[in-house]
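Scroll down for the structure; my scribbles are underneath it.
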Amino acid sequence: MIEVRNYINGGWTRSSGETFQSYNPSTGKPLSTAPVTPASEVSEAVAAAKAAFRAPAWRGLSAGHRSLALLALADALQKRRKEAGELIALEMGKPIRISLTREVDGAIDKLRYFAGAARLLDGQLTGATIPELFDLTIPEPVGPCALIIPWNDPIDLAIRKIGAAIAAGCTAVVKSSEITPASTAFLFEVIDESKALPPGVLNLVAGPGNPTGEALVNHPDIAKISFTGSTATGMRIMEAASRRLAKVSLECGGKLPVLAFADADVERCLDAISYGAFMYTGQSCTAATRLYVERPLYPRLLDALVERSRGMKVGDAMDPAVLVGPMASRVQYDRVCRYLDVGIAEGARVALGGKPRGDSLFIQPTVLTGDLGSSRIATEEVFGPVLLVQPFDTEAQALDLANSTPYGLGGSVWTTNINRALRMARKLDVADVWVNTHYVRNTETPYGGRHLSGIGRELGMAGVEEYISWKRVCIDTRDQYHLKAWFEGQSA
């Protein structure tokens, strides 16, 4: 049994609060115990981040030194790559082949990107004023941050936030998910062993949203909150932050559409959509969840998709041959089962899979068909291995279907007609559009959503700037200065 502890001001602490357990979803066996961190200890973590933010040992560091620290973290995580991937597979149920590559290797790449990004933050001298006036814009770190991590990518998504915050010069308190506390705590073991950062720059608290998360987002010394998770929780965080005008970035839910036209490359589409819909059991906000197919292609693509998805191996996440592991928790399993009941009641037909039987957390890849319009199964996020497939006849109808949800995270278009691809990309009301691919994510490009999918961006320089507060400095070098003339609109 792994004992998860909090990490505050450069040291491991045992909380005085209650504890909870995480489980191996493949076997149902307990994996770790972790603290339900009370508000008093959250305050200790925030105080450590605040003191570190003000300390010369951190504020006095150059961007180059922050860059070196991030490179050291990347090297430290690289050395323990296998352990990290295995723990994610054991605790979250993400298949080991994906945990090692998409998550751990992705996190290492992000640390190295943010190391470079730290040295690219610069200000600007405005050139539209008189020569004697030096008007400067300077990037400064916003302050101590609250970084709230979800369970589906417990290391990679932590690094997206940590890397950007450190690159900008911020300090942070990280709250891990109650489903995957051991995985995020492992990352802090790596951080501690690297000795790359002064004490208090990064702190970790474990616990559920109530009381731990609420104490963190409501703390008056937190200047910025970055959250990845459900839309409902994101709304509550935004409301709490509004009471003191704290900066917020939210990456919330998604219901991604896929538009496949009759001229699509079927084999390529099959690979991307089966993978995009069912990779680690559909537990991703960027999973392909709604496939709309132009009617001439519909029967062929549906039959081929069912056959391709039927062959995806479901099982223990530690099996290298498995692509579809278990649901991460009983709560998530029950949620998907309820949505399957809702979908059948709304008229969905089961082409593959369906509601599981037995006590395990495994759900087979499920393909539903039917003209379900604005039904719940077609518009609400299921967060499981459930793909709805429906035909369309015109571009306008395809767009109406694709834009029929309150989410706006992303979507993909499949066609060999470049003009059509560009038209669809312009008209899809989402923040991320893929053409003839799906699920491709690069560290260099910003990621985020519209509408109920969230606000703000992660990754790319836009992600780093979420942790920046811009300061303007105006220097007048003239020997004589007439304020009255300036206010009267005359030459200043």
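For the stretch 1-38, the set of residues classified as touching a Gly at 6+ places or on another chain (Cβ under 9 Å), over 25 Å from Ser329 (Cβ atoms) and not in a loop (DSSP other than H, G, I, E, B) consists of Ile8 only.
Pairs linking a residue in the stretch 89-101 that is touching a residue at least 40 places away in the same chain (Cβ under 8 Å) and within 19 Å of Glu178 (Cβ to Cβ) to a residue that is assigned to a helix (DSSP H, G or I) and of a type in the set (Phe, Trp, Tyr), with Cβ atoms under 6 Å and 6 or more positions apart or on different chains, are Lys94/Tyr280.
Restricting attention to the stretch 383-393, the residues being out of contact with any strand residue (DSSP E or B) (no Cβ under 7 Å at 6 or more places or on another chain) and closer than 24 Å to Val322 by Cβ number 2. Scanning the stretch 319-350 for residues that are surrounded by 19 or more Cβ atoms within 10 Å (Cβ to Cβ), at pLDDT 95 or above and not hydroxyl-bearing (Ser, Thr, Tyr) yields a total of 11. Residues in the stretch 74-98 that are assigned to a helix (DSSP H, G or I) and either of a type in the set (S, T, N, Q) or open to solvent by 10 Å² or more (accessible area, probe 1.4 Å) (or both): 12 in all. Any residue that is over 30 Å from Leu157 (Cβ atoms) and among the charged types (D, E, K, R) - is there at least one of those in the stretch 457-475? Checking the stretch 457-475: at least one residue is over 30 Å from Leu157 (Cβ atoms) and among the charged types (D, E, K, R).
Within the stretch 164-179, is there a residue that is at negative phi and surrounded by fewer than 24 Cβ atoms within 10 Å (Cβ to Cβ)? Checked the stretch 164-179: at least one residue is at negative phi and surrounded by fewer than 24 Cβ atoms within 10 Å (Cβ to Cβ). Of all residues in the stretch 379-388, those that are open to solvent by less than 20 Å² (accessible area, probe 1.4 Å) and part of a loop (DSSP other than H, G, I, E, B) total 3. Does Thr443 fit the bill of being touching a helix residue (DSSP H, G or I) at 6+ places or on another chain (Cβ under 7 Å), crowded, with 16+ Cβ neighbours inside 10 Å and under 30 Å from Leu120 (Cβ atoms)? Answer is yes for this residue. Consider the stretch 351-378 and keep the residues that are of a type in the set (Lys, Arg) and closer than 25 Å to Gly325 by Cβ. The one that is most open to solvent (accessible area, probe 1.4 Å) is Arg357. Given Ala304, Ala264, Ala260, Ala272, which one is within 26 Å of Leu157 (Cβ to Cβ) and hydrophobic (A, V, I, L, M, F, W, C)? Matching residue, one of Ala304, Ala264, Ala260, Ala272: Ala272.
Do the conditions hold for Glu41, that is, is it touching a Ser or Thr at 6+ places or on another chain (Cβ under 9 Å) and either outside any helix (DSSP H, G or I) or acidic (Asp, Glu) (or both)? In short, yes.
Considering only the stretch 404-440, state which residues are polar (S, T, N, Q) and open to solvent by 10 Å² or more (accessible area, probe 1.4 Å). Hits for the stretch 404-440 are Ser404, Thr405, Thr416, Asn417, Asn419, Asn436, Thr437. Test Gly207 against the stated conditions and say whether it is in contact (Cβ under 8 Å) with a residue 60 or more places away in the chain, of a type outside the set (A, V, I, L, M) and open to solvent by 10 Å² or more (accessible area, probe 1.4 Å). Criteria not met by Gly207.
If you go through the stretch 249-285 and keep only what is among the β-branched types (Val, Ile, Thr), in contact with a Lys or Arg (Cβ under 8 Å, 6 or more places away or on another chain) and surrounded by 22 or more Cβ atoms within 10 Å (Cβ to Cβ), you end up with just Val258.
Taking the criterion of being among the small types (Gly, Ala, Ser) and surrounded by fewer than 18 Cβ atoms within 10 Å (Cβ to Cβ), the residues of the stretch 1-45 that qualify are Gly10, Gly11, Ser16, Gly28, Ala39, Ser40, Ser43. In this entry, Arg295 is excluded by the filter for residues that are under 26 Å from the mean Cα position of the chain (by Cα), in contact (Cβ under 8 Å) with a residue 24 or more places away in the chain, open to solvent by 30 Å² or more (accessible area, probe 1.4 Å) and closer than 23 Å to Ser404 by Cα.
The values are calculated or read from the model by the stated rules, or taken from the named source; none is laboratory data. What you see is a predicted model; the values in this text were computed from it and never measured. Because the Cβ atoms are built from the backbone with ideal geometry, glycine has one as well, and the counts that use them run over all protein chains shown. Calculation scope for accessible area: heavy atoms of the full protein, side chains included, ligands and nucleic acids excluded. Shrake-Rupley method; radii C 1.70, N 1.55, O 1.52, S 1.80 Å.
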